[in-house]
Amino acid sequence: MTAYIVRRILYALVILIGVNIITFWLFFKVNTPDDIARLQLGAKRVTPDAIAKWKAERGYDKPLFFNARAEGAKALTDTIFYEKSVTMFAFEFGRADDGRDIAYEIRTRAPASLALAVPMFIVGLGINISFALLMAMFRATRFDFWGVVYCVAMMSVSSLFFIIAGQYVFSKLWHLVPISGYAEGLSATKFLILPVAIGVFASIGGSTRLYRTIFIEEMARDYVRTARAKGLSELTVLFKHVLKNGMIPILTGVVVVIPSLFTGSLLTESFFGIPGLGSYTIEAIGAQDFGIVRSMVFIGAVLYIIGLVLTDISYTLVDPRVTLE
Amino acid sequence: MLHRSLHPICNRLSVVALAATLACLCAGCGEAWNNPYSALEAADNTLYTSFTERPKHLDPAQSYTSDEAEFTAQVYQPPFQYHYLKRPYALIPDAAAALPKPRYFDKAGRELAADARAADIASSVYEIRIKPGLRFAPHPAFVAANRALARDVIDRKFKLADFGESGSRDLTAADYVYEIKRLAHPRVNSPIFGHMADYIVGLKDYGETLKAEVRKLGADKSKAAWLDLRKFDISGVKVIDSHTYSVTVIGKYPQFLYWMAMPFFAPIPWEADQFYAQPGMVEKNFSLDWYPVGTGPYMLTENNPNARMVLARNPNYRGEPYPSEGEATDRADGMLDDAGKTMPFIDRIVFVREKEQIPYWNKFLQGYYDKSGIASDNFDQAIKSGSDGESGLTPEMEARGIKLRTSLATTSYYLSFNWLDPVVGGSDPTTAERTRKLRQALSIAMDFEEFISIFLNGRAIPAQGPIPPGIFGFKDGQGSMNPVVYDWKDNGPRRKSIDAARKLLAEAGYPGGRDAKSGEPLVLYLDTTDRGPGDKARLDWYRKQLAEISVQLEIRTTDWNRFQEKIRKGNTQLFFLGWNADYPDPENFLFLLYGPNGAAKADGENKANYANPEFDALFEQMKNMDNGPERQAVIDKISTLLHQDAPWIWGFHPKSFGLSHAWMKNGKPNQMANNGLKYQRIDAALRAQKRTEWNHPVLWPFVLLVIVLALLAWLGVRAWRRSEAAVAVAPGQRA
């Protein structure tokens, strides 16, 4: 397995370089360094001198990929691409275009994102699996039918609707929780109850239907029939056999998203005023802040790769037949 | 068997119901559950408000947006400020002891009389005397040991309070001079350096000197040593004594005093500059951009621009009396109730970041924000229009004791023609008359009264020219009317009929909207960044207006960068823009049409590229004049010229609508002064009472939900047990 992981890490380096090149190329295809400078300096009284000064200050006064004026290796290294990319592989993200430290922002915002995403993920997963198991257990009954109808209906409604409706009902009409905001530590609980509940509620649908299908397929297998023939109770069959074996395909979709919980939820954070990394990313895209965008894309790619490796490893843990070579 | 198994479920249901009932009872006597703040703060003398965009710069040399001024204007004390109550807007001293009278000198250095002709004045000297006894807010930079910290010590600091001991000292004239020097600092990027370098004697050269010094220190900002600006002097800026300094500007520039009311000219202590220049500080976000240090009524004690910012009373601020005079209606409005009392009244101001409109509005209605603007989505809930066209509060708002304050913004929005464009521009003398009539026809067709009614809920007035209300040169009534677009009827300007526009269009060579020579339909192009679903109605409206005179309008949507680039290169035909006053002087609006400021030619603010030598001559004459009948006469000439040339379709001047709760006092909109928080007062006891009254938790739906879930669980268990007990063949049916 060690050889496999080392090999995956080496692949990851190639993937990350590719991601970095694509991000860089796409960003500068849309914006020139002059555009970035003008956006940061504002719309009023911006002089060419001020733009030149801003670019020089932040290293945007160099060529993008190739410096024809430089000699030797410097032709490649004395460029915006090289200078902005190399440090990132050492997880030094530098400063945002407004001059603020990106690593500092990530450190201060990540806890808020995790405080929202982790409970939403755990509770959501628990409810989705439980609901799917129930539907599988009562399959071909009214409960199963209406359960599937409910799931399809939930899949059809935008999560924005749930957010606005939830804020209206629970905060505005019933005054049960704050409508938005955030606080550090345990005080965050009262701000997180509603977004977590809405996030969990809104996620019932696609995942539940998928898990239901997995469980039903599993329940039709020979070992389940054998277990029932042995006289095991339905609960034992479900939880000891079906759930355990059904978890293998579920893991595919679940483990891979665990690392990306870190990057936060764009919409929920924005509407509930939670200062997480999701809103950081969306603001950076709006402000065309290359420093933040490339850092968040890089982190997203790293986390996704970690997620895939963890998924592979988790297969070996839940299914002894699988080995990584 | 089944009956027995239900017992535990019923017991559990009873416990849940009991707990819910108890919770219901408790809620009646407890605090509001939806309070986003700590219950301990309920009775504090704290103002709660919000911000949308995180401030990019709190460094006064760099900060230029109104979002940032909301913070910097409370922290810093420039020499001058605007009178809070008086209109038209008037400058008064802030940190300065008095408003200085400029002394004028000719090229030979001889002093001229105060009424000397602007053309004779080679330089103007402003001598500013600072009030004695003003002190900086506590800050670690004033402790010498904190300015010589090792890198590893800084690495262990996370917030300003971690530096331990704080100090302070008296404000001196040198602190104001230090800030003027910072405008030229190559690492600071002040947005006004280019502009000020054209006026302040020696500032341009000073910038070059500093560039050379910075090069000597090293290119990497984070590792470079501190550049002590005290060692280098600007020839036109001098410290005269500990509390007096002078600034020499080139020629006559009366608007300079307005600039000195902005944070750009606030004092910065050299100690702070040295403190923040230590290696490792920038990496930890310790900078003037993050932690300002000033002498104003408040200091920034919490800076989390992602969630909330907190200003607290500066313990070293010696106070300032609340104004005792204002407009005629101010006394009746209670604006003078606190006359003479020492400001600031509020101890703490909490700014909460609120990016979405829905939670922001609802928190205001719940009493968790003390004041609010009104978004279009909430307009009908908050405002009703009376039969006389006046806006008032809806009964729902009145019942809550909410107050409405309106004011006309010192802002102009306009639809600009590109003067360089061959179809609508006026740069080609051979077609100038034809294009002028075309622009006039389009000006009539673009019915901004309708626009204001549909898209702004009536919150604007149609513009008759570039100068907005509240600025010298703006006139109301028949005298200011644009006679090209309006006729004076029934005591008001009435837009000319669409037939008048069609007639002008025909005279321009486009009868029926077609080129008289080629027969081709006239197609115009509007460049815009509006492309969201919400913008479609507005873009359709533009098309509809021109369709009324059979002119086709193509909308070219683009992103902000490309839009700006097109304007800079003069590759546009029509585009919509606005300008918000930097200071209350007509020069600040008319310079937007001054030929040498052309965007395509000089990358200036004249985005229309309008160039008319007659206008330029009048503008040059007007810009240095003192306010008075002579200046008004020149402005009138300019207005007449602009009405005829129509380089812009004069759009509208927006009205700002602000709401505040009954516990807020002294809230008067002031479009120029950003330091208004020191004037505000709140009744915290009334607020606490209303918050509790308005936010009783409603628990019955919660109880109902628990019961329904319990019922569903019970039904599920029952069904499962039935299925477990079921047999394939009933006993009676066995063979």
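Residues of region A:44-83 whose accessible area, computed with a 1.4 Å probe over protein heavy atoms, drops by at least 30 Å² once all protein chains are present relative to their chain alone are A:LYS44, A:ARG45, A:LYS53, A:GLU57. Once C-alpha pairs closer than 8 Å and six or more residues apart are averaged by separation and normalised to the residue number of chain B, the relative contact order reads 18 percent. Per residue of chain B, the DSSP helices (runs of n ≥ 4 H) give a summed -39500 (n - 2.57) that works out to -9500 deg cm²/dmol at 222 nm. Within 10 Å of the Cβ of each residue in B:355-364, the mean number of Cβ atoms contributed by other protein chains is 6. Built from the Cα atoms of chain A, the convex hull projects on average onto 22.7 nm², one quarter of its surface area.
Relative contact order for region A:106-288: what is it in percent, counting Cα pairs under 8 Å that are at least 6 residues apart? In percent, rounded to a whole number, it is 36.
From a point 7 Å beyond the Cα of B:GLU614 in the direction of its Cβ, which residues of region B:635-649 have a backbone N at a distance under 17 Å? The answer is B:635-648. Cα centroids of region B:289-365 and region A:102-163: 42 Å apart. DSSP loop GluC sites (Glu not before Pro) in region B:381-427 with at most 16 other Cβ atoms within 10 Å of their Cβ, which ones? Passing both the DSSP loop test and the Cβ count: B:GLU390. Assuming charge only on the beta carbon of Lys and Arg (+1) and of Asp and Glu (-1), the dipole of the protein assembly as shown about its Cα centre is about 2960 debye to the nearest 20.
Estimated at the nearest 10 Å², the accessible area of A:MET1 is 110 Å² with a 1.4 Å probe. With bins 10 Å wide beginning at 0, the percent of Cα pairs of the protein assembly as shown falling in each bin runs 2, 9, 16, 20, 20, 15, 10, 5, 3, 1, 0, 0, 0, 0. For region A:106-288, a Kirkwood hydrodynamic radius built from all Cα pairs, placed in the Stokes-Einstein relation at 37 °C and 0.692 mPa s, yields a translational diffusion coefficient of 182 µm²/s. Modelled spin-label separation between A:PHE201 and B:TRP226, with each label point placed 7 Å from Cα along the Cα-to-Cβ direction: 5.6 nm.
When the Cα atoms of region B:130-171 are aligned to their principal axes, the ranges along those axes come out at 40, 17, 13 Å in descending order. Please report the relative contact order for region A:235-286, taking Cα pairs under 8 Å with a sequence separation of at least 6, and give it as a percent rounded to a whole number. Across region A:235-286, relative contact order equals 23 percent.
Averaged over residues, the count of other Cβ atoms within 10 Å places the peptides B:292-298, B:380-386 in the sequence B:292-298, B:380-386, highest first.
Largest to smallest in accessible area, the residues B:HIS696, B:HIS195 fall in the order B:HIS696, B:HIS195 (1.4 Å probe, all protein chains included).
What aspartates and glutamates sit close enough to B:LYS569 to cross-link, taking a C-alpha to C-alpha distance under 18 Å and skipping anything fewer than 8 places away on the same chain? Candidates past the 8-residue exclusion: A:ASP34, A:ASP35, A:ASP49, B:ASP421, B:ASP428, B:ASP527, B:ASP559, B:ASP603, B:GLU605.
Could you work out how far apart the two model spin labels at A:VAL149 and A:PHE239 are, taking each label as a point 7 Å from the Cα in the direction of the beta carbon, and quote it in nm? Between A:VAL149 and A:PHE239, the label points sit 3.1 nm apart. Sorting B:713-720, B:99-106 by average packing, meaning the other beta carbons within 10 Å per residue, from highest down gives B:99-106, B:713-720. Here's the list of lysines a cross-link from B:LYS363 could span, going by alpha-carbon distance under 27 Å and ignoring same-chain residues fewer than 8 apart: A:LYS172, A:LYS190, B:LYS56, B:LYS355, B:LYS371, B:LYS384, B:LYS403, B:LYS655, B:LYS665, B:LYS668, B:LYS678, B:LYS690. In whole angstrom, how far apart do the alpha carbon centroids of region B:534-575 and region A:84-98 sit? Centre-to-centre distance over Cα atoms comes out at 39 Å. Summing both sides, the accessible surface hidden between B and A at a 1.4 Å probe radius is close to 5300 Å². Calculated FRET efficiency, B:ARG494 to B:ALA119, Cβ-Cβ distance, R0 = 45 Å: about 0.60 to the nearest 0.05. Within a straight-line Cα-Cα reach of under 16 Å, B:LYS489 can be paired with the following aspartates and glutamates, leaving aside sequence neighbours fewer than 8 residues apart in one chain: B:GLU449, B:ASP476. Among A:ALA117, A:ALA202, A:ALA165, determine the one that fluctuates most according to a GNM of chain A built with springs between C-alpha atoms less than 10 Å apart. In the Gaussian network model the winner is A:ALA165. Both radii were evaluated on the Cα set of region B:152-292; the Rg over Rh quotient, with Rh as the Kirkwood radius, amounts to 0.98.
Coordinate range of the alpha-carbon atoms in region B:155-216 per principal axis, descending: 42, 29, 21 Å. In this entry, chain B is assigned a mean projected area of 48.5 nm², taken as a quarter of its C-alpha convex hull surface. With the convex hull drawn over the C-alpha atoms of region A:186-247, the volume per residue is 103 Å³.
For the residues of B:304-312, the average number of beta carbons from a partner chain within 10 Å of their own beta carbon is 4.
The values are calculated or read from the model by the stated rules, or taken from the named source; none is laboratory data. Worth saying up front: this structure is predicted, and the values here are computed from it rather than measured. Cβ atoms come from the backbone with ideal geometry, glycine included; neighbour counts cover every protein chain shown. Just the protein is used for accessible areas: all its heavy atoms, side chains included, with ligands, DNA and RNA removed. Shrake-Rupley method; radii C 1.70, N 1.55, O 1.52, S 1.80 Å.
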